Structures are given as C-alpha cells and as structure tokens.
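Peer 1: Have a look at this one before I ask anything.
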Amino acid sequence: MRNNGAVHGAFRSAAMRFFSPRALAAPYVVWMAAFVVAPIVFVVIYAFTAGDGAFTVGNFAEMGRFVGVFARSFWLALISTAVCLALGYPAAYILARESGRVQRAAVVLIMLPMWMNFLLRTYAWMSILERNGLLNRLLGALGIAPLDIIYTPAAVVIGMVYNFLPFMVLPIYSVIAKIDRSLIEAAADLGAAPRAVFTRVIAPLSLPGVLSGVTMVFVPAVSTFVISKLLGGGKEILLGDLIEMQFRGAAYNPRLGSAISLVMMVIVIVFMYFMNRFGEGEEGVAIL
C-alpha cells in the first residue's frame with residue numbers, strides 16, 4: 001500500500017509539474033522567441049551594420065532623403081484615424097443604446113467584412129473608385145461628371161477607413177455598453193441636460209475605448225502598403241511601400257529597410273506609450 005501511495009503521489013506531482021502554468025506557457029514562449037524576438041534582433045543587427053558587417057549608423061543617415069515619405073505616411077494615417085473616430089464614435093454610441101438582439105446583429109454585420117480577405121476587399125474598392133467604376137457610373141446616371149479618385153491620396157484614405165473602421169467601432173462600443181446605466185440616470189435626475197450627461201459622464205467613461213480604437217487604427221494605417229499600392233497606384237508611397245522596396249524591389253537594400261523599420265517601430269511604441277499614459281491620467285477625471 002505504501003508503494004502504491006508513493007507511486008500515486010509521484011505521478012500526481014509529475015502531472016502537476018507538467019500541467020503547471022509555466023509548462024503550459026512554454027510553447028508560446030518558444031513561438032514568441034522564434035517568430036517575434038528573433039526577427040527583431042535581426043532587424044536591429046542589420047540596421048546598425050554595413051555590408052561588411054562593421055558597425056555603422058550610416059543606414060539611419062541615409063533615411064534623410066525619405067522625410068517626405070514619413071510625413072505623408074503619418075499625415076494620411078492621422079486623417080484616416082480622425083475620420084474613423086468621427087464615424088465610429090457615433091455608430092458605437094447608437095449601437096450601445098439599442099436592444100441586445102440589435103447589438104448582436106450589428107456586431108456581426110460590422111465584423112462580416114473582416115472575415116473576407118484583406119486583399120479582396122481592397123480590390124473591390126478599386127472596382128468602385130476607378131474611372132469607369134460603380135461610383136462614377138452612379139454619378140453619371142445622376143448627371144454628375146465622373147470623379148478622378150483612384151490613385152490619389154483620397155482613395156488611400158478611403159481604403160484605410162473602410163478596412164480599419166471596425167477597429168474603432170468595436171472597442172468604443174464595448175466600453176460604452178458596459179457603462180453603468182444608473183450613472184446616466186443619476187445625472188439626468190440631478191438636472192443635467194442630455195448634452196451635459198454626454199460630456200460629463202459618457203465621454204469621460206468611454207475614453208479608454210477611444211484610445212484603444214485610435215491606437216488600433218493608427219498603427220496599421222501608418223504601416224500599410226497594400227492599400228497604398230493598389231488604391232494609390234504606386235504614386236503615394238508610404239512607409240510600408242518604402243520598406244518593401246528595400247527588401248524586394250530593384251533598390252534592394254535590406255540594411256536601409258531594417259533601419260526604416262526600426263525607426264518606425266520606435267515611433268509607434270512611443271505613440272502607444274503616450275496614448276496609454278494619457279488614458280491612465282484620465283481615469284481619475286471627475287464625472288460630475
């Protein structure tokens with residue numbers, strides 16, 4: 001009996017070690033190390049080395065001739081983020097006030113385009129915006145002259161807004177839907193007008209969702225290259241296009257591409273850091 005008990009205890013101890021949180025997390029750690037950490041290490045090494053392997057910062061100095069690309073990328077990303085916020089916040093607010101059945105149906109409809117391939121969605125907008133596309137044929141039927149939208153910054157912004165708008169709507173909706181209705185009712189009972197209820201209660205409490213949505217839209221928008229290539233026609237080169245050109249184009253220079261990638265990564269991290277800090281600073285805002 002003692003031997004059986006000892007064997008059972010040893011087996012149980014081994015099973016607990018095997019199924020411990022640390023052991024279960026091991027595959028994830030290996031995956032992260034192989035496919036996230038290792039590539040970043042290689043990017044850093046390439047960014048700070050020359051062709052002969054010697055240390056250099058010349059790759060970063062060479063980036064000076066691409067200041068216009070950086071400015072264009074961040075400008076279009078900011079415009080797209082602002083448009084997504086202007087469209088997404090009212091949509092999320094209205095959706096959060098609907099019944100549960102309507103909310104579930106609306107969330108499915110919002111997520112439905114995301115189940116399609118990103119490339120196919122962008123190709124669809126090429127068919128809509130081209131000279132003889134659906135939009136211009138509709139305008140022609142109304143007696144309006146056709147618009148030259150395709151291969152312009154406006155087309156790139158439209159593509160970004162369409163593809164990234166759900167990333168703005170869903171975080172804001174999830175936060176507004178969780179706001180305690182008693183707070184809104186208490187503000188109304190205390191004599192606050194509907195505008196005051198929104199600005200003093202709903203808006204401050206929904207700020208975490210707004211910050212999350214802004215981050216989730218701005219980061220992919222500033223680094224996209226498919227949208228700018230297809231809807232911009234190669235005329236509106238953004239950071240994503242520039243990096244791809246350094247690794248796959250005729251101007252093959254992976255060390256310069258790594259330097260650009262590293263700088264963009266640092267800028268995005270700084271942006272996310274300040275957004276998170278701003279959100280933490282707003283948590284203590286007085287509601288009334």
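Peer 1: In segment 211-229, what residues are touching a Pro at 6+ places or on another chain (Cβ under 8 Å) and under 30 Å from ILE149 (Cα atoms)? Write out each step before concluding.
Peer 2: We begin by selecting, within segment 211-229, every residue touching a Pro at 6+ places or on another chain (Cβ under 8 Å); these are 212-213, 216.
Correct list: GLY213, MET216.
Peer 1: Looking at the structure I just gave you, is ILE144 out of contact with any Ser or Thr (no Cβ under 7 Å at 6 or more places or on another chain), among the β-branched types (Val, Ile, Thr), under 30 Å from LEU170 (Cβ atoms) and part of a loop (DSSP other than H, G, I, E, B)? Spell out the reasoning first.
Peer 2: Numbers: out of contact with any Ser or Thr (no Cβ under 7 Å at 6 or more places or on another chain): yes; among the β-branched types (Val, Ile, Thr): yes; under 30 Å from LEU170 (Cβ atoms): no; part of a loop (DSSP other than H, G, I, E, B): yes.
It is false that ILE144 is out of contact with any Ser or Thr (no Cβ under 7 Å at 6 or more places or on another chain), among the β-branched types (Val, Ile, Thr), under 30 Å from LEU170 (Cβ atoms) and part of a loop (DSSP other than H, G, I, E, B).
Peer 1: Moving to a separate point now. So, ALA203, is that one more than 23 Å from LEU238 (Cβ to Cβ) and either assigned by TED's automatic domain parsing to the domain that holds VAL270 or among the polar types (S, T, N, Q) (or both) or not?
Peer 2: On the way: more than 23 Å from LEU238 (Cβ to Cβ): yes; either assigned by TED's automatic domain parsing to the domain that holds VAL270 or among the polar types (S, T, N, Q) (or both): yes.
Yes.
Peer 1: Just to be sure, is ALA188 part of a helix (DSSP H, G or I) and either charged (D, E, K, R) or exposed (fewer than 15 other Cβ atoms within 10 Å of the Cβ) (or both)? Give the derivation first.
Peer 2: Values: part of a helix (DSSP H, G or I): yes; either charged (D, E, K, R) or exposed (fewer than 15 other Cβ atoms within 10 Å of the Cβ) (or both): yes.
Here the answer is yes, as ALA188 does meet what is asked.
Peer 1: Between ILE128, ILE176, which is assigned to a helix (DSSP H, G or I) and either farther than 30 Å from GLU236 by Cβ or touching a residue at least 40 places away in the same chain (Cβ under 8 Å) (or both)?
Peer 2: Values: ILE128 fails: either farther than 30 Å from GLU236 by Cβ or touching a residue at least 40 places away in the same chain (Cβ under 8 Å) (or both).
Answer to the check: ILE176.
Peer 1: Kindly evaluate SER223 against the criterion of being at negative phi, in contact with a Gly (Cβ under 9 Å, 6 or more places away or on another chain) and in contact (Cβ under 8 Å) with a residue 12 or more places away in the chain. Let's see the steps before the verdict.
Peer 2: Numbers: at negative phi: yes; in contact with a Gly (Cβ under 9 Å, 6 or more places away or on another chain): yes; in contact (Cβ under 8 Å) with a residue 12 or more places away in the chain: yes.
So SER223 fits the description; yes.
Peer 1: Go through segment 2-57 and give me each residue that's among the hydroxyl-bearing types (Ser, Thr, Tyr) and either surrounded by fewer than 10 Cβ atoms within 10 Å (Cβ to Cβ) or at pLDDT 75 or above (or both).
Peer 2: Here is the first cut: in segment 2-57, the residues among the hydroxyl-bearing types (Ser, Thr, Tyr) are 13, 20, 28, 46, 49, 56.
Listed by number, the residues that qualify are TYR28, TYR46, THR49, THR56.
Peer 1: When the residues of segment 52-100 are filtered to those that are in the same structural domain as SER228 (by TED's automatic domain parsing) and not in a helix (DSSP H, G or I), which remaining residue is farthest from the chain's Cα centre (by Cα)?
Peer 2: For segment 52-100, the residue satisfying everything is SER99.
Peer 1: Ok, one more. Of a type in the set (Gly, Ala, Ser), crowded, with 17+ Cβ neighbours inside 10 Å and under 23 Å from MET264 (Cα atoms) - does that describe any residue in segment 80-99?
Peer 2: yes
Peer 1: Looking only at residues that are of a type in the set (Asp, Glu) and under 22 Å from ALA47 (Cα atoms) in segment 214-260, which one is nearest to the chain's Cα centre (by Cα)? Step through it out loud before you land on a result.
Peer 2: Step one: filter segment 214-260 for residues of a type in the set (Asp, Glu), giving 236, 241, 244.
The next check asks that each one be under 22 Å from ALA47 (Cα atoms); those that pass are 241, 244.
Working: ASP241: 17, GLU244: 19 Å.
Step by step, filter segment 214-260, then rank; the result is ASP241.
The values are calculated or read from the model by the stated rules, or taken from the named source; none is laboratory data. Model, not experiment: these values are computed from the prediction. Neighbour counts are summed over all protein chains in view; Cβ atoms, including those assigned to glycine, are modelled from backbone coordinates with ideal geometry.
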